[in-house]
1. For the chain, with a Gaussian network of springs between Cα atoms less than 10 Å apart, report the residue from R76, R157, R122 with the top mean-square fluctuation.
2. In degrees from 0 to 90, rounded to the nearest 10, what is the angle of the helix 95-105 Cα long axis to the longest principal axis of the chain?
3. When a/c is below 1.5 the answer is rounded, else prolate if a/b is larger than b/c, else oblate, so apply that to segment 1-120 with a ≥ b ≥ c taken from the square roots of the Cα gyration tensor eigenvalues.
4. If the viscosity is 1.002 mPa s and the temperature 20 °C, what translational diffusion coefficient in µm²/s does Stokes-Einstein give for segment 21-83 when Rh comes from Kirkwood over Cα pairs?
5. Working from Cα positions, state the angle (0 to 90°, nearest 10) between the long axis of helix 140-153 and the longest principal axis of the chain.
6. Mind checking the dipole of the chain: about its Cα centre, +1 per Lys or Arg Cβ, -1 per Asp or Glu Cβ, Debye to the nearest 20?
7. Nearest 20 debye, what's the magnitude of the dipole of segment 1-129 about its Cα centre given +1 on Lys and Arg Cβ and -1 on Asp and Glu Cβ?
8. How big is segment 2-217 by Rg and Dmax over its Cα atoms, in Å?
Amino acid sequence: MLKTKDLGYWYDNPKNSLFENVNLEFEAGQSYAIVGQSGSGKTTFLSLIAGLDKPKSGSIEFEGKDIGQIGLTNYRKKDVSIIFQSYNLFTYMSPLNNLLTAMAITESSHTGDKAFAADMLRKLGLTDEQMKQNVQQLSGGQQQRVAIARTMVCDARLVVADEPTGNLDEDNTAEVIELFQQIAHEQHKCVVIVTHESTVANACDNAYRLEKHEFSVI
Ligand SMILES: Nc1ncnc2c1ncn2[C@@H]1O[C@H](COP(=O)(O)OP(=O)(O)OP(=O)(O)O)[C@@H](O)[C@H]1O
Ligand SMILES: [Mg+2]
């Protein structure tokens, strides 16, 4: 589904590249963890495959097409869903309206289907009352589940997450990992998770370590 071709990136000076000549493949129906020391370039890599920034060298293909050719705005809207450590929900809206808004913006095949959105939130453990409250009244774990539900009601087939369990306790982390596995295996999407936690990396179907400017399978 996603392929990096001789991908390279640096911020200021080409001599200080974070990584070069990265050739990796990510498939639908699979989950991938990316681990590595702080500052190694994990978030940078994620922002490239999410179309938030452009490669300095090489290219990225989504379903056989260069994402530059798809158009990064179009790619981010239709093909990729991003989950952050800090949830990034519309804080002045309810969980239900967060999902409905995301479905409308991304022109999801379920746009306008309130029952579908409510059902997803219910499946992820929110009560009917909670899904109508402001999201800021929810706990961290509940807010992250809303962010994950948002990914699940949208059609984007690539799901990228940057330390999605960084703010969660053990129980919530286990639940969130389970949801990512469902997204990969039941929705047949491709899930790429940057994490510091070995429990998360171990639970994924595949894992890479970014170290000394190179990705290796672990
Ligand atoms: N906008 C920027 N301009 C210049 N340098 C940057 C910028 N963003 C990140 N960097 C540098 O690039 C390197 C990689 O950063 P990145 O955020 O990708 O690391 P990371 O592996 O995600 O780290 P962490 O585990 O701490 O989140 C770091 O040395 C960082 O200081
Ligand atoms: Mg990071």
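1. Greatest mean-square fluctuation among the candidates belongs to R122.
2. 50 degrees
3. Prolate.
4. Here the translational diffusion coefficient equals 168 µm²/s.
5. The angle comes out at about 80 degrees.
6. Values: 20 positive and 28 negative charges, 117 e Å.
It works out to roughly 560 debye.
7. For this selection, approximately 200 debye.
8. Just the Cα atoms of segment 2-217 yield Rg and Dmax of 17.1, 55 Å.
None of the figures in this text is laboratory data; all of them are computed from the coordinates on show. Everything numeric here is computed off the predicted structure, so don't read it as measured data. With ideal geometry, Cβ positions are generated from the backbone for all residues, glycine too; neighbour counts draw on all protein chains shown.
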